[in-house]
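Colleague: Handing you a structure now.
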Amino acid sequence: MNSTEVILQADKIQKIFPSKEGDVRAVDGVNLDLISGEVFGLVGESGCGKSTLSRLLLRLLDSSGGSIKFKGEDITGFDKKQLKMLRRQMSLVFQDPHTSLNPRMTIYDNLARPFKVHNLAEGREEITVEIVRLLKSMGLQAEHMIRYPHELSGGQKQRVVVARALAVDPEVVFLDEPTSALDVSVQAKILKLLAKIKDEKDLTYFFISHDINLIRVISDRIGVMYLGRMVEQGEVAGMFKEPMHPYTRGLFSSVPEPTPARKLDSVLMGEVPSPVNPPSGCHFHPRCPEKMAICEQESPVFNYRQGRKVACHLYNLD
Amino acid sequence: MEDTLTYEEIKKDIDNLKQEKTSQLALVWSRFKRNKLALIGGIIVLIMVLIAIFAPVLAPHDPYRTAPLRRLEAPSFEHPLGTDAMGRDMLSRLIYGARVELSIGILIILFEGTIGITLGLLAGYFGGWVDSVIMRLVDILRSFPVIILAMAIAGVLGQGVYNVVIALGIVGWTTFARMVRSKILSIKESDYVEAARSIGESTPSIIIRYILPNAVSTAIIMVCIMMPTALIASATLSFLGLGVQPPIASWGSIISAGRDYLLQAPWISTTAGLFIMFTVLGFNFIGDGLRDAFDPTADRS
């Protein structure tokens, strides 16, 4: 995978939820390039807009501003018919396997829906063969078809959820914390399975997690979000070797390490402020150990600074 | 790869498995069966329904034939539950009363269930002003005491069985609407509905395949839980003289007729009261049992 074709591109994308206390800027002008064939890891504390961003990119939520391009085509104005086609190209795996399958449908019916919706297979026979093939490639058996979701374990259900996401033969798969609801032993198996499928099918992954260690292992590039904004983005090795944004530094150093000799001076202090009334200027300034006068007034532009995309006044724009 | 797999092979495997597998309904039934109280409730209700259906066969006497000389007789071999103030056989009247009582109950449930479930669905699914209008109406109706409001409506409409049904239906649908609405709201926000959208399902398909099947159990449970309320309310209206009119026997009107003779002939009001009590108890047990059987993981609070 040495091509750097951008498959999905977001430009200043925004999502504002109106509420009684004021507008909630869940996603506040995020720029993002997803490169074909990569695993892009998105990290951030809960409530920072990770999931909302993924729903915007998938067009499951309408954005309040900005544009999204899939393979160079603007998808923000897509109508119903175009969206249906888009659903075949991008799919989503949910966090909680216990709630993401229709409990009143058998596994067969749950998995048959994508085939029926998109006419990907004709008749019961063809669909059954396709489903069995899918199940087997997920490490499940044909007999699981006639089960109901509640008869399966969490790990098995998550395999079914992954199978459903792959049924449409997508190019980009969004994984919204796909392992955080599973036991540790099951997590490893699902991750291995995901890695295997990615290589076989040449997929692009958009992997959301708050587990820094996990993101470090599986991603090619990572993005760090804070309060609706992207603060840093880059190659995984470089980011971990030398995180530039003070928030990234704090986030990474808050991960417990087996060798606690490392300094813990940059551990994050305080709480995440409310997105209803975010701090002025750089959203991170109230918690930032390196706050300067400008940080309270001006939002730092998210662009290349010293070779990496960072939104921080500590570094000059390239 | 599993390219060698043919449909026939898979089908054979699956057919073998299906033999051993129990359907979801069978599963609900097996859980229901294990619940002793639910089973007792089921038997009580079944008996009441059979009594209502076979009333002409079961009743030892004509429930309307008066015998002025044999009024207020104590239970005897000829009249197992005694006679009332007009000498009519109490057992026969109670058996015929089951017919009246249960059919009124069913009519009320049908009436309020249809309105309540439809409006609850609309409010829950569409939200916005549709939701606001329906739910404010619910709030207004619920701010009155149920029986007072039903009495007022029945008073305006006049006496009679159908007016009781209408009066109680107008008041009672609000409970259905509330329950169905909140169920729809939680289903609408669920991951599996978002998943359905993410694979490209259309709105009608989501409503039919994802939302309705998951709301059905709530509706069934609601019917069983609302039945006792409907029975008691209709009996109350009959007791107050607004519902079933003499000489037709209903349990409510029998209690009412017996209240003047509580000391001389206590069996009149008490037996009718017991019939009401057991039927209500039966439906309550079934309702609780069904709730547990449909969703064993649900909170019992």
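The values are calculated or read from the model by the stated rules, or taken from the named source; none is laboratory data. Since the structure is predicted, the reported quantities are computational estimates derived from the model, not experimental observations. Glycine gets a Cβ as well: all are built from the backbone with ideal geometry, and neighbour counts include every protein chain shown.
Colleague: Find the residue count for the stretch A:35-87, including only residues that are closer than 21 Å to A:Ser274 by Cβ and β-branched (Val, Ile, Thr).
Modeller: 2
Colleague: Quick one: would you say B:Ile221 is closer than 30 Å to A:Tyr148 by Cα and within 14 Å of chain A (Cβ to nearest Cβ)?
Modeller: Numbers: closer than 30 Å to A:Tyr148 by Cα: yes; within 14 Å of chain A (Cβ to nearest Cβ): no.
For B:Ile221, the condition - closer than 30 Å to A:Tyr148 by Cα and within 14 Å of chain A (Cβ to nearest Cβ) - is not met.
Colleague: Can I ask one more? For the stretch B:280-298, check the following and say yes or no: at least one residue is modelled with pLDDT under 85, surrounded by 16 or more Cβ atoms within 10 Å (Cβ to Cβ), touching a Ser or Thr at 6+ places or on another chain (Cβ under 7 Å) and not in a loop (DSSP other than H, G, I, E, B).
Modeller: Yes - at least one qualifying residue is present in the stretch B:280-298.
Colleague: Take the residues in the stretch A:259-305 that are of a type in the set (Val, Ile, Thr) and part of a loop (DSSP other than H, G, I, E, B), then tell me which one is modelled with the lowest pLDDT.
Modeller: Taking the stretch A:259-305 and keeping what is of a type in the set (Val, Ile, Thr), we get A:259, A:267, A:272, A:276, A:294, A:301.
Those left that are additionally part of a loop (DSSP other than H, G, I, E, B): A:259, A:267, A:272, A:276, A:301.
Values: A:Thr259: 62, A:Val267: 65, A:Val272: 79, A:Val276: 81, A:Val301: 87.
Per the criteria, the residue is A:Thr259.
Colleague: Within the stretch B:183-196, which residues are among the hydroxyl-bearing types (Ser, Thr, Tyr) and more than 10 Å from every other protein chain (Cβ to nearest Cβ)? Before you say what the answer is, go through the steps one by one.
Modeller: Within the stretch B:183-196, the subset among the hydroxyl-bearing types (Ser, Thr, Tyr) is B:186, B:190, B:192.
The answer is B:Ser186, and nothing else.
Colleague: Across the stretch B:97-133, what is the number of residues that are crowded, with 19+ Cβ neighbours inside 10 Å and among the β-branched types (Val, Ile, Thr)?
Modeller: Count: 5.
Colleague: Please determine, by comparing only the residues of the stretch A:163-191 that are in a loop (DSSP other than H, G, I, E, B) and touching a strand residue (DSSP E or B) at 6+ places or on another chain (Cβ under 8 Å), which one is farthest from A:Ile218 (Cα to Cα). Please lay out each step first, then the result.
Modeller: Our first condition is that a residue be in a loop (DSSP other than H, G, I, E, B); within the stretch A:163-191, this holds for A:168-171, A:177-183.
Then keep just the ones that are touching a strand residue (DSSP E or B) at 6+ places or on another chain (Cβ under 8 Å); that gives A:168, A:170-171, A:177-178.
Values: A:Val168: 24, A:Pro170: 20, A:Glu171: 18, A:Glu177: 13, A:Pro178: 13 Å.
So, considering only residues that are in a loop (DSSP other than H, G, I, E, B) and touching a strand residue (DSSP E or B) at 6+ places or on another chain (Cβ under 8 Å), the one farthest from A:Ile218 (Cα to Cα) is A:Val168.
Colleague: Run B:Arg31 past the list (1) in a loop (DSSP other than H, G, I, E, B); (2) touching an Asp or Glu at 6+ places or on another chain (Cβ under 8 Å) and report the number of the one that doesn't hold.
Modeller: (1)
Colleague: Moving on to the next point. How many of the residues in the stretch A:184-211 are at pLDDT 90 or above and within 30 Å of A:Pro273 (Cβ to Cβ)?
Modeller: Final tally of qualifying residues: 4.
Colleague: For residues in the stretch A:132-147 being surrounded by 19 or more Cβ atoms within 10 Å (Cβ to Cβ) and more than 9 Å from chain B (Cβ to nearest Cβ), which is farthest from A:Leu193 (Cα to Cα)?
Modeller: In this case the residue turns out to be A:His144.
Colleague: Could I ask something else about it? Just checking, which of A:Leu83, A:Leu60 is touching a Leu at 6+ places or on another chain (Cβ under 8 Å), at the interface with chain B (Cβ under 10 Å from one of its Cβ atoms), without any contact (Cβ under 8 Å) to a residue 40 or more places away in the chain and not in a strand (DSSP E or B)? First the steps, then the outcome.
Modeller: Values: A:Leu83 fails: touching a Leu at 6+ places or on another chain (Cβ under 8 Å).
Within the list A:Leu83, A:Leu60, the selection yields A:Leu60.
Colleague: Consider A:Val160 carefully, then state whether it is surrounded by 19 or more Cβ atoms within 10 Å (Cβ to Cβ), outside any loop (DSSP other than H, G, I, E, B), more than 8 Å from chain B (Cβ to nearest Cβ) and not charged (D, E, K, R). Walk me through it before giving the result.
Modeller: Working: surrounded by 19 or more Cβ atoms within 10 Å (Cβ to Cβ): yes; outside any loop (DSSP other than H, G, I, E, B): yes; more than 8 Å from chain B (Cβ to nearest Cβ): yes; not charged (D, E, K, R): yes.
Yes; evaluated as a whole, the condition is true for this residue.
Colleague: Quick check on B:Leu212: is it of a type outside the set (Asp, Glu), within 30 Å of A:Arg87 (Cα to Cα) and touching a residue at least 40 places away in the same chain (Cβ under 8 Å)? Can you show your working first?
Modeller: Values: of a type outside the set (Asp, Glu): yes; within 30 Å of A:Arg87 (Cα to Cα): yes; touching a residue at least 40 places away in the same chain (Cβ under 8 Å): no.
For B:Leu212, the condition - of a type outside the set (Asp, Glu), within 30 Å of A:Arg87 (Cα to Cα) and touching a residue at least 40 places away in the same chain (Cβ under 8 Å) - is not met.
Colleague: Taking the stretch B:197-214 as the search range and keeping residues that are assigned to a helix (DSSP H, G or I) and at the interface with another protein chain (Cβ under 8 Å from one of its Cβ atoms), which one is farthest from the chain's Cα centre (by Cα)? Write out each step before concluding.
Modeller: Applying the first criterion (assigned to a helix (DSSP H, G or I)) to the stretch B:197-214 yields B:197-198, B:203-214.
After this cut, where a residue has to be at the interface with another protein chain (Cβ under 8 Å from one of its Cβ atoms) as well, the list is B:197-198, B:205, B:209-210, B:213-214.
Values: B:Arg197: 35, B:Ser198: 38, B:Ser205: 30, B:Arg209: 26, B:Tyr210: 26, B:Pro213: 20, B:Asn214: 20 Å.
In this case the residue turns out to be B:Ser198.
Colleague: So for the stretch A:92-113 (the condition being aromatic (Phe, Trp, Tyr), at pLDDT 90 or above, out of contact with any helix residue (DSSP H, G or I) (no Cβ under 6 Å at 6 or more places or on another chain) and surrounded by 19 or more Cβ atoms within 10 Å (Cβ to Cβ)), does at least one residue qualify? Quick ask: steps written out before the conclusion?
Modeller: Keep residues of the stretch A:92-113 that are aromatic (Phe, Trp, Tyr), which gives A:94, A:108.
Imposing the further condition that a residue be at pLDDT 90 or above reduces the set to A:94, A:108.
Now narrow it down to the ones that are out of contact with any helix residue (DSSP H, G or I) (no Cβ under 6 Å at 6 or more places or on another chain): none.
Checked against the condition, which is being aromatic (Phe, Trp, Tyr), at pLDDT 90 or above, out of contact with any helix residue (DSSP H, G or I) (no Cβ under 6 Å at 6 or more places or on another chain) and surrounded by 19 or more Cβ atoms within 10 Å (Cβ to Cβ), the stretch A:92-113 yields no hits at all.
Colleague: Would you tally the residues in the stretch B:158-196 being among the basic types (Lys, Arg) and either without any contact (Cβ under 8 Å) to a residue 12 or more places away in the chain or not in a helix (DSSP H, G or I) (or both)?
Modeller: The total comes to 0.
Colleague: Take the conditions part of a helix (DSSP H, G or I), farther than 21 Å from B:Thr279 by Cβ, touching a residue at least 24 places away in the same chain (Cβ under 8 Å) and among the aliphatic types (A, V, I, L, M) and apply them to B:Ile115. Does it pass?
Modeller: Yes; evaluated as a whole, the condition is true for this residue.
To keep it simple, each residue is scored yes or no on (1) over 22 Å from A:Leu56 (Cα atoms); (2) polar (S, T, N, Q).
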{"residue": "A:Ser153", "(1), (2)": "yes, yes"}
{"residue": "A:Thr179", "(1), (2)": "no, yes"}
{"residue": "A:Leu191", "(1), (2)": "yes, no"}
{"residue": "A:Glu200", "(1), (2)": "yes, no"}
{"residue": "A:Ile215", "(1), (2)": "no, no"}
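Colleague: Please give the number of the condition A:His118 fails out of (1) modelled with pLDDT under 90; (2) at the interface with chain B (Cβ under 8 Å from one of its Cβ atoms); (3) surrounded by fewer than 19 Cβ atoms within 10 Å (Cβ to Cβ).
Modeller: (1)
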